[in-house]
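Trainee: Got a structure for you, written out below as structure tokens; questions coming shortly.
The values are calculated or read from the model by the stated rules, or taken from the named source; none is laboratory data. It should be emphasised that the depicted structure is a prediction, and the values quoted were computed from it without experimental measurement. Note that we place each Cβ from the backbone using ideal geometry, even for glycine, and neighbour counts take in every protein chain shown. Just the protein is used for accessible areas: all its heavy atoms, side chains included, with ligands, DNA and RNA removed. Shrake-Rupley method; radii C 1.70, N 1.55, O 1.52, S 1.80 Å.
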Amino acid sequence: MSEVHIYPVYKEIAAKAHINDEQYREMYQHSVVNPEGFWREHGQVVDWIQPYTKVKNTSFDTGHVSIKWFEDGVLNVSANCIDRHLASRGDQVAIIWEGDDPADDATLTYNELHQQVCQFANALKSQGIRKGDVVCLYMPMVAEAAVAMLACTRIGAVHTIVFGGFSPEALAGRITDSDAKVVVTADEGIRGGRAVPLKKNVDAALANEEVTSVEKVIVFKRTGAEVAWDDDRDVWWHETTAVASTHCEPEPMNAEDPMFILYTSGSTGKPKGVLHTTGGYLVYATMTFKYVFDYHDGDIYWCTADVGWITGHSYLVYGPLSNGATTILFEGVPNYPSTSRMSEVVDKHGVNILYTAPTAIRALMAKGDQAIEGTERSTLRILGSVGEPINPEAWEWYHRTIGNSFCPIVDTWWQTETGGILITPLPGATELKPGSATRPFFGVQPALVDNIGNIIDGEAEGNLVMLDSWPGQMRTLWGDHERFEQTYFSTFKGMYFTGDGARRDEDGYYWITGRVDDVLNVSGHRMGTAEIESALVAFDKIAEAAVVGVPHDIKGQAIYAYITLNAGEIPSAELHKEVKEWVRKEIGPIATPDFLHWTDALPKTRSGKIMRRILRKIATGDTGTLGDTSTLADPSVVEKLIAEKQQVL
Ligand code: ATP
Ligand code: MG
């Protein structure tokens, strides 16, 4: 491994940070020695209608997994995200909406948000929605998406958001599994200059005869496009809210009442409906937002995630609003209409905290300084990354180019299932090592285990598990508790298995090595994908890389690397040789790729994660059964890769 560059905590950040290193260590210790006492105190980050007396009641025992937090407390999420701020900051902007077209933007103050949420909550009621009913949101990135989420929580409806880029089939599957009674959508969405026919997709999904639960479709008018209309079923958002009262009492919810279902992306088989409940989720989202992003009053915060992902739930809407922050909701994509769009939005709104994904960072990095052309980004204080391991090269670029070399980067590791961030630096407390998510958040107890579940201490590499519960943990898979236990608690008895591999270094820092399903085994050496890919990305002409294993008679597996070059670079025999030598030098002969596949694009999920499962099939020529490709952002990439494979050496 090439040498690790350590970034000490910045003095200016530490001076005003909520937590310094000493406090982190002390609080962390307290949180794991006495979780009950720790969370009894920190459960107070939200307001309770009826305070809890019980704090933690959790068991990871295989066969009897049960997770309850603050179980006798009563609260309401929308009251925490809106009402409790009205007296002190009613006129402060809660949501800045930035349109796909740079000329389009709007703001909503907390007072305005309150009014809109109450009206839409009443509109939902008038369409027959009651506490416990499921509402499916299939929305573009408009402020009304957040309004709809909060309105559901106000009346105790359970939302399930389906990413607006998903197909009618994917939507139908999620509606059927969740039993949603109402779908909220828009005539069309707009992303990167292109219209997305949302209403048409809903019509197609509901035409499927297996979809029987939906009674009403509420349609927000975004573009004014002509849409088909069913008078008995379809309702315009503006019409139903126009007649709705602006008063709506928040429904008192038990801490363990369901709050939302979110289907995870990426894997094969039936989608998994991850269920989060009210109290623990909100406590955890609220607290992690405050400390991980070192949020202070007045900060302008921008998370680029879509509301259809867990990041869009916890760190675009609930965490920020529960803290009374100003959050930016961006309709577009980071490189439209120009490569510098992301930087332009930062300057336009004076963003202090920016949270985005490695896929976006690598795409911008491939364009070099074009990504910051004409911008200053001087308001930025903290940068964040989520979704995949961030390659050290991309980390350095993000730090230097977007962050002008003075913003700490919080590389946050977590999952849909975890509800909030589990492993992360804290800006005022943690020395940074590019590529490492560093240390656990308060109350989080990660461990590494070997393949038969023995805990390995000290410097080690293994399967990443959690030994105990945290408030934001998922409670079950919707309607299938057995699959929940099977998926997460049966591989290693009595532990939550994340599905990821990790390495822990001499300072106790965690380095996520990738999904264990993607691990390579070359001549008996197990290697995560992240390390080899990072070495490739560190080569100055390479923009992005993905490696998979292919069967090999002698080594067991050979390394097959897919490589995307920076703008303007072209593949050659010379480059082929240089790249192989580079990896040999960076990691060692064992990691040298056997095959290099030059390509323009990699298959990614809609949230931007590289789908190695499909790359493995293409590399081995097993393309008859690619499995579920419905969550791919651009399915045409696959055919292109299959065609290119002929030329791979
Ligand atoms: P599915 O479980 O359906 O395959 P998914 O795992 O892609 O979908 P998410 O819950 O959004 O869905 O992603 C969580 C996963 O993303 C983690 O398990 C990990 O593999 C990866 N990940 C997220 N953040 C980081 C990070 N900071 N560093 C490394 N990996 C990360
Ligand atoms: Mg996952």
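Trainee: How much accessible area per residue does the chain have, counting only protein heavy atoms and a probe of 1.4 Å, in square angstrom? Walk me through the intermediate numbers first.
Mentor: Details: 23980 Å² over 649 residues.
Counting only protein heavy atoms, the per-residue value for the chain is 37 Å².
Trainee: Could you pull the Cα extents of the chain along its three principal axes, largest to smallest, in whole Å?
Mentor: Result for the chain: principal-axis Cα extents of 69, 57, 54 Å.
Trainee: How much of the accessible area of region 450-503, in percent, comes from carbon and sulfur atoms when a 1.4 Å probe is used?
Mentor: Roughly 48 percent, rounded to a whole number.
Trainee: Remind me, relative contact order of the chain in percent, using alpha carbon pairs under 8 angstrom and six or more residues apart?
Mentor: Values: 1437 pairs, mean separation 85.3, N = 649.
This gives 13 percent for the chain.
Trainee: I would also like to ask the following. For Asp553, project a label point 7 Å along Cα to C-beta. Then give me every residue of region 523-540 with its amide nitrogen under 19 Å of that point.
Mentor: 523-524
Trainee: Ordered by packing density, taken as the mean number of other Cβ atoms within 10 Å over each peptide's residues, highest first, how do 143-156, 616-629 rank?
Mentor: My ranking of the peptides, most packed first, is 143-156, 616-629.
Trainee: With +1 assigned to the C-beta of every Lys and Arg and -1 to the C-beta of every Asp and Glu, and no other charges, what is the dipole magnitude of region 519-646 about the Cα centre in debye, to the nearest 20?
Mentor: The calculation lands at about 380 debye.
Trainee: Taking Cα pairs under 8 Å and at least six residues apart, what relative contact order does region 417-568 come out at, in percent? Let's see the in-between values first.
Mentor: Values: 270 pairs, mean separation 24.9, N = 152.
Here the relative contact order equals 16 percent.
Trainee: May I pose another question? Which peptide among 36-49, 62-75 comes first, and what is the full order, when sorted by highest mean count of other Cβ atoms within 10 Å? Working shown, then result.
Mentor: Values: 36-49: 17.3, 62-75: 19.0.
For the peptides 36-49, 62-75, the packing ranking is 62-75, 36-49.
Trainee: Continuing with the same structure: Positive end of the charge dipole of region 174-219 (Lys, Arg +1 and Asp, Glu -1 on Cβ, about the Cα centre): tell me which of Val211, Leu198, Ile175 has its Cα farthest that way.
Mentor: Comparing the listed Cα positions along the dipole, Leu198 ranks first.
Trainee: Compute the Rg/Rh shape ratio of region 519-646: radius of gyration over Kirkwood radius, all on alpha-carbon atoms.
Mentor: Reported Rg/Rh, Kirkwood definition of Rh: 0.94.
Trainee: Percent of accessible area on region 162-259 owned by carbon and sulfur, 1.4 Å probe?
Mentor: 45
Trainee: Which one of Thr592, Val548, Ala567 is farthest out on the positive end of the charge dipole of region 519-646, using unit charges on Cβ (Lys, Arg +1; Asp, Glu -1) and the Cα centre as origin?
Mentor: So the residue furthest toward the plus end is Val548.
Trainee: To continue, here is another question. Projected onto the charge dipole of the chain (+1 at Lys/Arg Cβ, -1 at Asp/Glu Cβ, origin at the Cα centre), which of Ser630, Leu262, Gly63 gives the Cα projection farthest towards the positive end?
Mentor: It is Gly63, whose Cα lies furthest towards the positive end.
Trainee: Quick one: putting +1 on the C-beta of Lys and Arg, -1 on the C-beta of Asp and Glu, what dipole do you get for the chain around its Cα centre, in Debye to the nearest 20?
Mentor: Charge dipole of the chain: 440 debye, to the nearest 20.
Trainee: Moving on to the next point. What order, most packed first, do the peptides 290-300, 7-17 have when packing is the mean number of other Cβ atoms within 10 Å of each residue?
Mentor: Top to bottom by mean Cβ count within 10 Å: 290-300, 7-17.
Trainee: Within 14 Å, Cβ to Cβ, of Gly164, how many net charges do the neighbouring residues add up to if Lys/Arg are +1 and Asp/Glu are -1?
Mentor: +1
Trainee: To check you understand DSSP bridge types, tell me what percent of the beta bridges within region 519-646 (both residues inside) are antiparallel, rounded to 5.
Mentor: The answer is about 80 percent antiparallel.
Trainee: Same structure, new question: Using +1 on the beta carbon of Lys and Arg, -1 on that of Asp and Glu, and nothing else charged, what's the dipole of region 168-263 about the Cα centre, debye to 20?
Mentor: With Lys and Arg at +1 and Asp and Glu at -1, about 560 debye.
Trainee: How much of the accessible area of region 519-646, probe 1.4 Å, is carbon plus sulfur, in whole percent?
Mentor: Values: 2840 of 5500 Å².
Of all accessible area on region 519-646, carbon and sulfur atoms account for 52 percent.
Trainee: Which order do Glu544, Glu531 take when ranked by solvent-accessible area (1.4 Å probe, heavy atoms of all protein chains), largest first?
Mentor: Greatest to least solvent exposure: Glu531, Glu544.
Trainee: For the chain, which cysteines have no second Cys with its Cβ under 4.7 Å from theirs?
Mentor: Unpaired cysteines in the chain: Cys81, Cys136, Cys152, Cys303, Cys407.
Trainee: Around Glu373, under 13 Å between beta carbons, what's the net of Lys plus Arg minus Asp minus Glu among the other residues?
Mentor: Every neighbour counted, the sum reads -1.
Trainee: Using Cα centres only, tell me the gap between region 96-144 and region 248-314 in whole Å.
Mentor: 16
Trainee: Which whole-number percent gives the relative contact order of region 482-629, counting Cα pairs below 8 Å spaced six or more residues apart?
Mentor: Rounded, it is 16 percent for region 482-629.
Trainee: Work out from phi, with θ = phi - 60° and the Karplus expression 6.51 cos²θ - 1.76 cosθ + 1.60, the ³J(HN,Hα) of each residue of region 22-34, listed in order in whole Hz, and give x for Gly and Pro.
Mentor: 4, 5, 4, 4, 5, 5, 4, 4, 4, 5, 9, 6, 9
Trainee: If you don't mind, there's one more thing I want to ask. Counting only residues 5 or more places away or on other chains, whose amide H sits under 5 Å from the amide H of Ala244 once H atoms are built in the peptide plane?
Mentor: none
Trainee: Also: Sort Glu331, Glu169 by accessible area with a 1.4 Å probe, largest first.
Mentor: From most exposed to least exposed: Glu169, Glu331.
Trainee: Expressed as an acute angle from 0 to 90° and rounded to the nearest 10, what is the orientation of the C-alpha long axis of helix 168-178 relative to the principal long axis of the chain?
Mentor: Its long axis makes an angle of about 60 degrees.
Trainee: Still on this model: Post the alpha-carbon centroid distance, region 2-81 to region 480-522, in whole angstrom.
Mentor: 22
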